[in-house]
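Contents: one structure, followed by commentary.
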Amino acid sequence: MQDDVGEPEFSFPAPRRCPFEAPAEYEIARERGVVRAKLWDGQPTWFVGRYKDVSSILMDRRFSSNVKEPNFPFFSESRAKVLLAKPFGLPFIDPPEHSKLRRIFAPMFTVRNMELFKPQLDAFVRTVISDLVEKGPPADLCKDFSQRITVWSIVELMGLPHEDEHFFHECSQGNLFQTIDAAAGLRANEQMEIYLDQFLAQKEQNPVEADDIITRLVIDHIIPGNLTREQATHLLVNLVLNGQDSTANMITLGALAMMAHPEQLEQLKQDPDLVSNAIDEMLRYFSIALPVAPRVALEDLEVGGQAIRKGDGVVASIVSANRDATVFADPESFDIRREGVSRHLGFGQGVHSCIGRPVALLELEAVFTTLFQSIPGLRLAVPIEEIEGTGETAQAYGVRSLPVTW
Ligand code: HEM
């Protein structure tokens, strides 16, 4: 076991040079194993880039996700400010508290609930496509398509008022770029907190039976006293904010990848059974959850032959793991027929794995079984080199806009 601390190999997060490339620096960690990287404030952290090691950290309860731990590896100064002031949500709570809260929320995303939601979602996706067609080209696939679908979905599932969608979207955008604009991130979290606290209070005073997530939380958990309104509010802020742009960005990037690979797009149109493999490949290839996963070691331990001391910060990079050639052959290519792609870590793994995975998959499936079939001539309206990625500093990787025509 190596006990050598060593000099930082690169700054984390390293830049992605175009929407299709993972940062080249992470290759160093896949070659050498666990390495040192430098954070925004010059502090060193461990960077873990091999699939096997990233997976073992995600599954290991000796690593904490608590942002209050000294040496927690924040992505940027701005994100540190936001998360230390508003550490909202399941991602930043450790077991056993995390297990208790997760048991309350997980049943809301069951297969049965998703089956009930599917017909409404499919109908809404068709409406958004009809609106696009009616308005005519060109369009921005981000704004006019992906974001409409994901904000509507979260609002529908939560039982929030659709007339407030614009507010939820604005807050979500503030949260998305909290990594570069702390004031916007804090404002987004505070505004959502106030809104949801009032919404829950009204439901508590006037509980009317319904199947949506917020009504179930109020009737089954807040009123009986399993959960305080404050706890519920904090967890919901995180769900409502993170449940929008992550999936919207994945839809947009997935569509971009399909348009950049017309022969694969043709295969997908001919064989709709390919859709689930294609979606897994999109999740692997783009690995959009950029800040994942920051952890702090709770005891002395070893990862990939490297000694890690209690209290050390660690970044277990799913972006890097998903490009590990020992698991995914020819990892830099996009291949919707890739074998074994469902092993990707795009939704994380272990206790903190994505609770919204069933919703995100349902939305992606609704889109990629309909969009290109309904608008067969859909294509980029600008040269691909002009498509600008959000860089490694957003909460979820994406593109600023995706101009399309047909
Ligand atoms: C394509 C879309 C999405 C991707 C790629 C994604 C990715 C991830 C990843 C990698 C994690 C693990 C974080 C960690 O280990 O620290 C995570 C956790 C989480 N995600 Fe997602 N997510 C997506 C959509 C959603 C949606 C739609 C929701 C809400 C409806 C959601 C809510 C959450 C929550 C609450 C957690 C924390 C779970 C916990 O700590 O127990 N995500 N997500």
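Values in this text are rule-based calculations from the coordinates and carry no lab data. These numbers were taken from a predicted model, which means no experiment stands behind them. Neighbour counts are summed over all protein chains in view; Cβ atoms, including those assigned to glycine, are modelled from backbone coordinates with ideal geometry.
Overview of results
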| read-out | value |
| --- | --- |
| Value of relative contact order over the stretch 291-380, rounded to a whole percent, pairs C-alpha under 8 Å and six or more apart | 18 |
| Volume of the Cα convex hull of the chain, divided per residue and given in Å³ | 130 |
| Highest average packing first - 211-218, 267-274, 226-233, Cβ atoms within 10 Å | 211-218, 226-233, 267-274 |
| Taking the C-alpha atoms of the stretch 104-181, convex hull volume expressed per residue in Å³ | 123 |
| Extension gain from His166 to Met114, taking 0.36 nm per residue of separation minus the Cα-Cα distance | 16.3 nm |
| Relative contact order (%) - criterion: Cα under 8 Å, at least six apart; region: the chain | 27 |
| Calculated FRET value between Thr370 and Ala307, using beta carbons and R₀ = 56 Å, to 0.05 | 0.65 |
| Mean Cβ count within 10 Å, highest first, over the residues of peptides 112-118, 234-240, 9-15 | 234-240, 9-15, 112-118 |
| Too-long pairs where the Cα-Cα distance tops 32 Å, listed order kept, from Lys38/Lys86; Lys118/Lys203; Lys81/Lys310; Lys118/Lys269; Lys100/Lys269 | Lys100/Lys269 |
| Cα-Cα separations in the stretch 196-275 greater than 17 Å, expressed as whole percent | 60 |
| Ranked packing of 120-130, 150-160, most packed first, by mean Cβ within 10 Å | 150-160, 120-130 |
| Mean separation of Cα contacts under 8 Å (6+ apart) over length of the stretch 52-189, as relative contact order % | 28 |
| Cα-Cα pairs of the stretch 1-106 separated by more than 16 Å (percent) | 67 |
